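Participant: Sharing a structure below in structure tokens format, with a few things to ask.
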Amino acid sequence: MGELLKEERIKKGLTQKQFADGIVSVSYYSKVEKNEHRITAEDLITILEHNNIPLCSFFKELSLKSNFQHEYKIDLEAKVMDAYYHSNKILLEKIIQDFEKSSSTDKTDDIIIVKGWLESLKEDEEEPDIEVRNALKDRVFNIPDLNKEKLTLFCNFMDFYDLDSNVMIARKAINKFISSNETEI
């Protein structure tokens, strides 16, 4: 949303102070444009009205961008999996570089996951990247409830865990989903 607000502001040739004048502080608004802070619906609507931006067109554009990003992410996930299954380390490294250059708000998680796939391709004699492995473990343990996302991350990178952790997480998964009809799980 922040990127779209910035586009609208630039189209109008306004500074951040002029665009968010009296609604939110300039420092706060600057972080909204960088997607570092969320803006309340009330403040967003006030800013749009203050700058004569039709709500309908703004939210339509936001929806289009969101759909595009979703499709882009699905396509990128397919490329990552294809590179992994073809043991194409060069392509995985390029994907990481592309993520690092992107303005995506969740690129840190995406980079860690791609690095995890790259780490999974290492031979036994190669030095493991403990930082990446620990970041993936932390990512799994920071998801509060055992859900499909957490289970997928765990299953994809379970070889990074010790046996006790694997047994513990597997037991939790079995107990939670034993009577589930969700075929993917």
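Participant: If you scan the stretch 8-38, which residues turn out to be of a type outside the set (Val, Ile, Thr), within 28 Å of the chain's Cα centre (by Cα) and farther than 16 Å from Glu49 by Cα?
Facilitator: Ser25, Ser27, Tyr28, Ser30, Lys31, Glu33, Lys34, Asn35, Glu36, His37, Arg38
Participant: Follow-up question, since we're still on this one. Which residue pairs have Cβ atoms under 7 Å apart, sit 6 or more places apart or on different chains, and have a first residue in the stretch 159-185 that is at pLDDT below 90 and in a loop (DSSP other than H, G, I, E, B) and a second that is open to solvent by less than 80 Å² (accessible area, probe 1.4 Å) and among the hydrophobic types (A, V, I, L, M, F, W, C)?
Facilitator: Going by the 7 Å Cβ cut-off, the qualifying pairs are Ile185/Leu151; Ile185/Phe177.
Participant: Check Asp75 against each of (1) within 26 Å of Thr108 (Cβ to Cβ); (2) surrounded by 11 or more Cβ atoms within 10 Å (Cβ to Cβ) and name the one condition it does not meet.
Facilitator: Of everything listed in (1) within 26 Å of Thr108 (Cβ to Cβ); (2) surrounded by 11 or more Cβ atoms within 10 Å (Cβ to Cβ), Asp75 misses just condition (2).
Participant: In the stretch 144-175, how many are touching a Lys or Arg at 6+ places or on another chain (Cβ under 7 Å) and within 23 Å of Tyr85 (Cβ to Cβ)?
Facilitator: 3
Participant: Still on this structure, I have one more. What's the number of the condition Asn142 fails, among (1) under 17 Å from the mean Cα position of the chain (by Cα); (2) surrounded by 13 or more Cβ atoms within 10 Å (Cβ to Cβ)?
Facilitator: All conditions pass for Asn142, except number (2).
Participant: If Lys94 passes every condition in (1) crowded, with 17+ Cβ neighbours inside 10 Å; (2) assigned to a helix (DSSP H, G or I) but one, which one does it miss?
Facilitator: Failing condition for Lys94: (1).
Participant: Condition first: surrounded by 13 or more Cβ atoms within 10 Å (Cβ to Cβ) and either without any contact (Cβ under 8 Å) to a residue 24 or more places away in the chain or outside any helix (DSSP H, G or I) (or both). Now tell me which residues in the stretch 111-139 satisfy that.
Facilitator: Listed by number, the residues that qualify are Ile111, Lys115, Leu121, Asp129, Val132, Ala135.
The values are calculated or read from the model by the stated rules, or taken from the named source; none is laboratory data. Since the structure is predicted, the reported quantities are computational estimates derived from the model, not experimental observations. When we count neighbours, we look across all protein chains shown, and the Cβ atoms used for this are built from the backbone with ideal geometry, even at glycine. The area values use the complete protein model at the heavy-atom level, side chains included, leaving out ligands, DNA and RNA. Shrake-Rupley method; radii C 1.70, N 1.55, O 1.52, S 1.80 Å.
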